[in-house]
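Each value in this text was obtained by applying a stated rule to the coordinates, not by laboratory testing. Computed from a prediction, not measured in an experiment: that's the story for all the values here. No Cβ is skipped: glycine too gets one built from the backbone with ideal geometry, and neighbour counts run over all protein chains shown.
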Amino acid sequence: MMSVDSALIPVLDGHNDVLLRVAYRQEGEDYSFFLENQDGHLDLPRAKAAGFAGGFFAIYIPPVSDDSHAPLDRYYALDQAMLISSCLFQLERQSGGELKVVQDVGELEGQVKSGRIGAIMHMEGAEPIDEDLHALEVFYRAGLRSIGIVWSRPNAFGYGVPFVFPSTPDIGPGLTDAGKRLVKACNELGILVDVSHLNEAGFWDVVKISEAPIVATHSNVHAICPVSRNLTDRQLDAIKDSDGMVGLNFAVAFLRPDGKRIADTPIDIMIRHIDYLVERVGIDRVGLGSDFDGALISSHISDVTGLPKLLNALREHGYSQEELEKMAFRNWLRVLKLTWKS
């Protein structure tokens, strides 16, 4: 087991959207990932102060209309994916070694141990990928190691859940034939398949097809917050059976039992979801998946600097140092070792 010599517990995070801020910052906007910002959730100075060790950096393609759930044109999606991917590589190049795009677990462990950021390239919605999967091979060579088949909209591979409260995730049909081929190809290459945003029928198709652990990088408990984006008990049981993992999403609308977007949401409700997940899937299969810079999170967390506050609250709640380290970073390393092939 790797050792970490730090007063702060390193945190590997299942999801952030900081690349959106980097790629689409407004002309003249005084923003840099390398400077501490007063808004947003994540930048390098605040990350280092919080023990943030990296995790999944999302390539999310913004909608082109007011209907965020409308399907996207693949060529538009591919163009935007190239833009956002290039921003990630520019951050790596400009960081002076403080951020590295990692392609294997050894590289990621090295970043955690050194106190630097390990960035996993993650595609949130497979719209940039063609049905023949040629682009998948190219993105894999570029460093893609995680993919969500869908965001919360349909594409050529499957059907995402629109954000509905209250609702089950049982909305729409399962994976398309292309979606089933995508899962098999990801297994072959060693790309993690993220079931967050996927509807229930598609989830069960992944369970049936995939030979890898089932992972939801940023999802919560439907029994506590009955929104379409959350996981039912049956889904959690399937994740446990596959030796997979769930990363707790910090979005208040996916935490609160009333589904409301209220920033003044206590940390206690986050702990309630974690307790439920630990009881249902086991302490080795629970992590964090913040959705920093992509969601409204609790004002009691505020931004990445709130991570130590959450871990301290969990410690006071009764979790041991070993259990906290598992949830903070060791469980992500475990599941990636079971999934990646490089």
Measuring from centroid to centroid over Cα atoms, what is the spacing of region 111-133 and region 199-246 in Å?
20 Å
By how many nm would the segment from residue 234 to residue 299 lengthen if fully extended, with 0.36 nm per residue of separation less the alpha-carbon distance?
20.2 nm
Which residues among region 247-290 fall inside the zone where the amide N is under 12 Å from a point 7 Å beyond the Cα of residue 165, along Cα→Cβ?
251-265
Under the 0.36 nm per residue contour assumption, what length would be gained going from the current alpha-carbon distance of residue 309 and residue 211 to full extension?
31.6 nm
Determine the sum of side-chain charges near residue 207: Lys and Arg each +1, Asp and Glu each -1, restricted to other residues whose C-beta is under 14 angstrom from that of residue 207.
-2
If each residue's Cβ is checked for other Cβ atoms within 10 Å, how do 180, 309 rank with the fewest at the top?
309, 180
Count the lysine pairs in the chain that are 8 or more places apart or on different chains: how many have C-alpha atoms under 19 angstrom apart?
17
Of the residues 292, 139, 52, which exhibits the maximal mean-square fluctuation in a Gaussian network model of the chain defined by a 10 Å Cα contact cut-off?
139
Counting each DSSP H run of 4 or more residues in the chain as -39500 (n - 2.57), what helix-only mean residue ellipticity at 222 nm follows after dividing by all residues, to the nearest 500 deg cm²/dmol?
-11000 deg cm²/dmol
Using a Förster radius of 35 Å, what is the FRET efficiency between residue 134 and residue 104 based on their Cβ-Cβ separation? Nearest 0.05, please.
0.90
Counting DSSP beta bridges in the chain, what percent are antiparallel, to the nearest 5?
5 percent
Unit charges on C-beta of K, R, D, E only; dipole of region 1-136, Debye
660 debye
For Cα extents along the principal axes in Å, one of (i) 59, 45, 43; (ii) 49, 43, 40; (iii) 64, 53, 40 was computed from the structure I shared and the rest are decoys. Which label?
(ii)
